[in-house]
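To start, the structure under review is shown below, and the notes come after it.
The values are calculated or read from the model by the stated rules, or taken from the named source; none is laboratory data. It should be emphasised that the depicted structure is a prediction, and the values quoted were computed from it without experimental measurement. Backbone-built Cβ (ideal geometry, glycine too); neighbour counts: all protein chains shown. The accessibility values were calculated without ligands, DNA or RNA, using every heavy atom of the protein model including side chains. Shrake-Rupley method; radii C 1.70, N 1.55, O 1.52, S 1.80 Å.
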Amino acid sequence: MRRLFTLTLCVAFCFGCTGCISNPALSSVNEVESTAEESIVLIPTALPEYFNITIPAGFTATSSAAYEEYYICNDASIIITDDPIAISGERLDNYAAKVKEIYEQTADNYLLLNEAKETINGTEVVLLEFTYALVGEDKKQDLQAMVCIMLHHDVAYVITCKSKAKNFMQYRAGFREAINTIEIETPPVNTEGAVTRTGTQKTTTTTSETTTA
């Protein structure tokens, strides 16, 4: 569940997009621990293989200590992660429950607004919308997120779209349009008949364009 740890880190770290704020329950990725026993080497998470999505107009690619690439527009961000499933055949509902539990445990004032199961381009997904807060020593940020969770060939994909709560409706339609474009290709089959994910990364992200009359 390495990427579920990354999701936990996402709750604290990626709101650098909305202003620096620390969560006392989580280690800062910007701190260098003073002892080797306590230090954590953070390897940036790469974009998933065989994953296609169209990013809304206005968002630009950036990187961080935690992610090789994610997308930002003012205070909004879109983060795509994958998580190889340890137990083959895990149910989507069970995995979505784990994602919700992470937010409940690591964020303040977590409130689930909506949960729905849909099929997007042939893949069953769980869509979550919720509000929560990150509280630091002297400030608080109220945030809102739309999270898409899907399982494909024993890999979980989590697409996290979020912004400050007061601005969320400005981005919501674009977030949903991006989620609707998601397509996951089936990896090649090896000689033993099992799928393999050791080939060249094939993530495709395109940016939508807007036109005016």
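Some observations on this one:
- Percent carbon-and-sulfur accessible area, region 119-165, ignoring ligands, DNA and RNA, probe 1.4 Å: 38 percent
- Rounded if a/c under 1.5, otherwise prolate or oblate - region 81-169, Cα gyration tensor axes: prolate
- Within straight-line reach of residue 140, meaning a Cα separation under 22 Å, sit the following lysines at least 8 residues removed in sequence or on another chain: 100, 162, 164, 166.
- Under 17 Å from the Cα of residue 98 - lysines, other chains or at least 8 residues apart: 117
- Ordering of 147-158, 117-128 by burial proxy (mean other Cβ atoms within 10 Å per residue, highest first): 147-158, 117-128
- List 162, 140, ordered by accessible area with a 1.4 Å probe, largest first: 140, 162
- Figure note: 91, 172 ranked by solvent-accessible area, largest first, 1.4 Å probe, ligands and nucleic acids not counted: 91, 172.
- Mean accessible surface per residue for region 50-112, computed with a 1.4 Å probe while every protein chain stays in place, in Å²: 43 Å²
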